[in-house]
1. Where Rh is the Kirkwood radius over the Cα pairs of the stretch 122-177, the temperature 25 °C and the viscosity 0.890 mPa s, what D in µm²/s does Stokes-Einstein return?
2. Where both residues lie in the chain, what percent of DSSP beta bridges are antiparallel, nearest 5?
3. May I ask for the net charge around Ala105, where only other residues with Cβ less than 12 Å from the Cβ of Ala105 are counted and Lys, Arg are +1 while Asp, Glu are -1?
4. Please give the FRET efficiency for Glu466 paired with Ala11, using the beta carbon to beta carbon distance and R0 = 60 Å, rounded to the nearest 0.05.
5. Counting only heavy atoms of protein chains, what accessible area per residue, in Å², does the chain have with a probe of 1.4 Å?
6. Report which label in (i) 183; (ii) 211; (iii) 156 holds the value of volume of the Cα convex hull per residue in Å³ derived from the coordinates of this structure.
7. Once amide H atoms are placed 1.01 Å from N in the peptide plane, what residues at a sequence separation of 5 or more from Ser18, or on another chain, have their amide H within under 5 Å of its amide H?
8. How large are Rg and Dmax for the stretch 581-696 when calculated on the C-alpha trace, in angstrom?
Amino acid sequence: MEWELTAAQEAVILAEGSLFVRGPAGAGKTTALAGKLVDLLLRGAGAERILLLVAEPSRQDIFWSALQEAGVGVRSELKVVTYARWGQEMVNLFWPLVAAEAGFAQPEQSPTMLNYDLAQLLMWELLAPMLDNEIWHQLRLRPQQIVSQLLDILNRAALNGMSLEAAHARHVASWSGEPERLIQLEWAQKGVAAFRARCYEQNLLDLSLTTAVFQEHILPHEAFQSYFTEQFQHLLVDNSEELPPVGQQFVYQLGPRLETLVINYDDKGGYKRFLGADPASAANLITICEQEVVLVPLVNTVALEHVGNQVQNFLEHTTLPTAEAEGAIWATVTGRYRREMVVEVADLLGTMLAEYEIEAEEIVILAPYLDGALRYMLGQQLGQRGIPYHFDRRRQSPREEPRVRAWLTWLALAQRERVVAVSRYDVAEALALSIEGLDPVRAALISEGGYDEAEGRLLPVATWSEQLVARVGVLAGEQVERIRVWLAAQGEEMLYPELFLPKFFHEVWTRPPLRQTDVDEAGAAVCGWLVKIAEHLREAGRALGWETAETLTAKLMTGVYQGLVVANPPDLGEGGEDGGITIATVYSYLLSEQTTRVQVWLEVGAGGWWDIPRQPLSNAFVLAPSWPAEGLWTAEEEFTIRHELLSRIIQGLTNRCRDGLIIAHSGLDRRGGRQEGVLWRALAPIWPETAIIIEE
């Protein structure tokens, strides 16, 4: 290999037997593990004999790229998977042996896998009749949030190796607040029990049940034990602190049986604790390893380390050295309003790129949350200055995209029976997007006079009033009529979403006279995304009893409009160019294993740096194996965890920064509230007064 490796990384690569690799973020643990993988293959280990577990699907690319760079080439037999994906493959493989024992009603039939979107739709169907109950209203959560939290209960119980009853008991035992919450927890338990029962009845496997079946029925099965030890010789584990506890148990049980075992562990990791990770239990994996190698940060400077110490001292009352912390802060930006802060940051970055030897690719802008307004302001200000940028991991909800709503409007209007109420506003928006040159005012007039909202259908242009035709124009009327006639001409078989959408795109959306200019690439992206969702929906719909075009259309539209269908939203061209400055949330950056020369921390006074998700029905922390079964969740416990997480986040960031920080703060948040959060107060003693102190 031609990578530059430290002696400790070389030791990891050359070691034999079982090895526990410890070190903070930025210490090169993943690079060493990739080197170990390459070395095994170059020494003749069969790719099919290696299992590599990663904490995030996105991290698979790191290892495939390492193989290509080393000239090993892609090995299709090589397993580089998340624990959840590995469990799903094993359940499919061993299903005939365990389906009856596990309690499924139709063990002789293959199961139907539910991705997260389909699980949300099923939970919504079961929960909708109960949502009018006052007990849910007291939670002050959107219906989609309730659905999400009930699925979290299922998933977290399974990923922690608990039954639903045990998870419920922990939630109840840990609660010390108002008694109404206990009633809400009982209703939540009814919801998850109904979901689980439906899965057993119809051979449905969501993440939680797949994990439970693998853990309880396949893992201890003699056939699986024989298969695993005969199939694999080498087990490599990346970011063990981010694996779910059942994944850690799997490594603990089967890892020692193999010829090679290498486990990476970050002492200050565990960023996914609110998703079920338990770093405390991961630390116990050292007991099954013969050797330990400790790696130190590769790019961490003393000054950056002291910034992390400053925050840790403030939060955890330690006395670590901080004398050089101020030297790591290249520049500070303040503004009363967010826009002022963003403008100043963009000006500063423009100056840095023009006057210093810094490339845009060496800079990352980080924020606890990237709401639509902040994304827009950043994109606008960087774009105006000609600064290349891209957003990492786009998170906009599909229902916020007008093209998504337009496609679904036409799909609904094509159905022979009314499936979902389509408002005049929906029709006006769809018309304005579909007919090139039709302005929103005329589109609104057409929806008022040319659409029967009660029946959910467009009216023939011949029935329009003369006044309406005069106001919108004859050409606009002809174009609307063309869409109406086309919709009416579709046969019933073509009304299934995955068939209707591409046909509408090719025969209506892209054809003159409706569209005169180049193909709408964003519209094509939306169409492709919706078709994929619809294909999954129809495939699973047979098992769920959702088979007619009307039912599938209603499920698809409800899923999007209620925020239940959210996976892999389409790329709509937002986000600037490839390369350039990366704009990301803090968590996505930390889990991506990136290291950059300069980090910009936005809105350090915002509470989001210190927040944990508000989930009154599903507390990830009390379900962790390391939590005492009868322990109470108090304000003191919550503050301790918030402080610990923020301290780890800042140390993770400073370990992934090579040179310096730009700290940005706005006095008021987007709602006009004052921002003086915990991170802001922690950094205040080292906040320099200089405008910019970059050293060449």
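The values are calculated or read from the model by the stated rules, or taken from the named source; none is laboratory data. Please read these numbers as outputs of a predicted model, since none were measured by experiment. Reconstructed Cβ throughout: ideal geometry from the backbone, glycine too, with neighbour counts over all protein chains shown. For the accessible areas, the whole protein counts, side chains as well, though only heavy atoms, and no ligand, DNA or RNA atoms are used. Shrake-Rupley method; radii C 1.70, N 1.55, O 1.52, S 1.80 Å.
1. Numbers: Rh = 12.5 Å.
The diffusion coefficient I find is 197 µm²/s.
2. Numbers: 4 of 49 bridges.
Counting DSSP beta bridges with both partners in the chain, the antiparallel share is about 10 percent.
3. Details: positive: Arg198; negative: Glu108, Glu201.
With Lys, Arg at +1 and Asp, Glu at -1, the neighbours total -1.
4. Values: r = 86 Å, r/R0 = 1.44.
After rounding to 0.05, the efficiency reads 0.10.
5. Working: 29090 Å² over 696 residues.
Counting only protein heavy atoms, the per-residue value for the chain is 42 Å².
6. This structure yields the entry labelled (i).
7. For Ser18, whose amide H was placed from the backbone, the distant partners under 5 Å are Leu261, Glu290, Gln291.
8. 16.7, 56
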